[in-house]
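Nothing in this text is a laboratory measurement; each read-out follows from the coordinates by a stated rule. Remember, it's a predicted structure, so these values are computed and weren't measured experimentally. As a convention, Cβ positions derive from the backbone with ideal geometry for all residues, glycine included, and neighbour counts pool all protein chains shown.
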Amino acid sequence: MPLHKEKSRLDVPLNQRDYLKSHPKSPTINRVFELSLTYIQRADEAHKRGQKVYYGGGVYDSPILHANDAFPCVYNELGRLAGDDSVALAEEHFQIPNETCSMVKATMGELLRRKNSFKGLIAYCSLCEPYNTAFEVLKEEGYDVYSVDLPYRAAGVNDARFESLVDFSEKELTGLAEWIGGGRVDEERLAEEIRRTNLIHAKVRRLLDLQVANPDYIGTLETMFIWNGANHHYGAPEEYEDILDQLIAELEEVSAIERKIDRVPIVWCGGRGQEFGIYKLLDDLGGYISKWTMAGRLLRDYDESLPPLRAIAYNNVLGMGGPGGAKDQIPFLEQSLEDTKSRGIIFYGYFGCSFTSVNFEVIKNHFAHKGTPSLVLDGSFQIGDPSGQNVTRLKAFMEMVTNG
Ligand code: SF4
């Protein structure tokens, strides 16, 4: 019986943490959930014992932080497991309109609560406009915000322009590395972290391939929490890597037994949200995610032949992180659909996010012309059972792609 059904029957209000409960087939999945559920608490403990801790984006900054023995506390993860009281607090304290993206509000509420703890926060102008505004406002609450100006690459830039964008990014990232390292950059340590991240990426990719080949063994939500740590490793790289090794071993064992896959492959595009019941529902409806398009972008390896900050800058200009634009996503989605023989695409965006709504519109139209079914789900801060509207739409979509 899926967890959300069990709980509903008992009439106990759910929150998103309730979905991160024991996994019947793989005990290793419990370790992944444990790593996620203790993440913020471990950041606080690190701060208390004198380790440097920074709120960050969890992609470009993670190797830099690890190379300085600092703990990366990713603000998206802070928001992902926040309670709806954090959203209410942010709305009330900052007078944020109801229609603003709930991820931003949840993060702001949490940071407001936590303003007496560690203060260093890394902001990226390329992340999104509401977050940029939030970080400006959070300065007033005592946060020490370091802003990194990373560019977006327009379509069709020539080689010289591309290199100048990489130069600019490298300069910005050097400023960040110096801010964290007290004025110095330890290139050797950073190169080591880049190598380790590439190694971890390779393991995550292997694991995702095995999971797609055995979609009954690890559920969709579980898979999302595994790859989610590919760059920040939930602040515990050794433990995270050990979990990956263990899961790969488990799945290799499962793969040895031949079985028929009856599940329907679907490509996921966009955010991950807090609405964990959606992932459970997808599994219950006989689907599975054959490709996480953000994961594909976030798992891009660093070029180890480049100086480490140049390698990070290069991946940024290629479009490694951030929400990404249609120009980058369409070819990736097309390839993903072809490789996995998926029956459709689910776009998950947040209510109030102007960026994703426009982006999804462009991509959705592109695929509609090609006859590929797709579904847009609007996420709000829905932390219990999934919203009725999303449930109805997902059921109808799955019925169409399963029987169509
Ligand atoms: S969903 Fe949109 S508004 Fe919300 S954090 Fe992401 S990019 Fe920003």
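Values computed for the structure shown
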item	result
Rounded Å value of the spacing that divides the Cα centres of segment 328-354 and segment 151-187	28 Å
Proximal aspartates and glutamates to residue 280, defined as alpha-carbon separation beneath 13 angstrom and excluding residues fewer than eight positions away on the same chain	6, 18, 216, 222, 385
Alpha-carbon gyration tensor eigenvalues x 5, square-rooted, for the chain, Å	31, 25, 23
Relative contact order of the chain, defined on C-alpha pairs under 8 angstrom at six or more residues apart (%)	19 percent
HN-Hα J in Hz across segment 23-32 - Karplus 6.51, -1.76, 1.60, θ = phi - 60°, x for Gly and Pro	9, x, 8, 10, x, 5, 4, 4, 5, 5
Options 204, 289, 39, ranked by Cα towards positive dipole end of the chain, top entry (Cβ charges)	289
Value of [θ]222 nm, deg cm²/dmol, for the chain, DSSP H segments ≥ 4, -39500 (n - 2.57) each, nearest 500	-17500 deg cm²/dmol
Stokes-Einstein D (µm²/s) once Rh is taken as the Kirkwood radius of segment 228-316 over alpha-carbon pairs, at 37 °C in 0.692 mPa s	204 µm²/s
Fewest-first sequence of 301, 339 by Cβ atoms within 10 Å of each Cβ	339, 301
Most fluctuating residue given options 287, 344, 181, as computed from a GNM of the chain linking Cα atoms under 10 Å	181
Convex hull projection area averaged over all views, segment 228-276, Cα basis, nm²	5.3 nm²
Gain upon complete extension [residue 178, residue 358; 0.36 nm per residue less C-alpha separation]	61.1 nm
Local net charge near residue 238, Cβ-Cβ under 14 Å (Lys/Arg +1, Asp/Glu -1)	-3
Only Lys, Arg (+1) and Asp, Glu (-1) charged, at Cβ; the chain dipole about Cα centre in debye	740 debye
Highest-fluctuation residue, 112, 20, 306 considered, GNM on the chain with Cα pairs under 10 Å	306
Order of 260, 171, 370 - criterion: other Cβ atoms within 10 Å of each residue's Cβ, fewest first	260, 370, 171
Largest-first ellipsoid semi-axes for segment 344-392, taking √(5λ) over the Cα gyration tensor eigenvalues, angstrom	22, 14, 6
